[in-house]
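> Before we start, here is the structure in question, set down as structure tokens.
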Amino acid sequence: MKEKKPWRLYALHILDCMETISRILKRGDLWEDDILYHAALRNLQTLSEATQHLPEAFKTRHPEVPWKKITGFRNVLVHDYLGQIDPQTVVSVIHDHLTPLEVCIKKALSSLESNSV
């Protein structure tokens, strides 16, 4: 049986993906550069996969984050190869929906660190 990793590692991984996406956006336009577009997609997929490893109790305490939509988006990214995903959708997700998740994760990690001191 596989040992379950602490949720903190997944939370840190989510923040790493967000930082990578930020760096990708600084390199150019996702509309014009398919390499950047696919790099951003991959990081969104990884980020959304990592959210599935966060505890349900944690998700319940943070209803401001659309957890089910994140899971649904991940499923589309992974399984809909011919795609309903386009640069407009990706840019919208990045600009409109990542901030609440980032705030939530940072707050939770900060709380975890202050409780362990």
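Throughout, read-outs are computed from the coordinates displayed, never taken from laboratory work. If you're wondering where the values come from, they're calculated on a predicted model, not measured in any experiment.
> So, in the chain, how many Lys pairs have Cα atoms under 18 Å apart, if the pair is 8 or more places apart or on different chains?
6
> Tell me, what are the semi-axes, in whole angstrom and largest first, of the equivalent ellipsoid of the chain as set by the roots of 5 times the Cα gyration tensor eigenvalues?
26, 16, 13
> In the Gaussian network model of the chain, springs joining C-alpha atoms below 10 Å, which of 57, 39, 11 carries the largest mean-square fluctuation?
Looking only at 57, 39, 11, the largest GNM fluctuation is found for 57.
> Want the number for residue 80 to residue 56: 0.36 nm per residue separation, take away the alpha-carbon distance, what's left?
Full extension from residue 80 to residue 56 adds 6.0 nm.
> Show that you can apply the helix-only estimate: for the chain, add -39,500 (n - 2.57) for every DSSP H stretch of four or more residues, divide by all residues, and state [θ] at 222 nm to the nearest 500.
Helix-only estimate at 222 nm: -24500 deg cm²/dmol.
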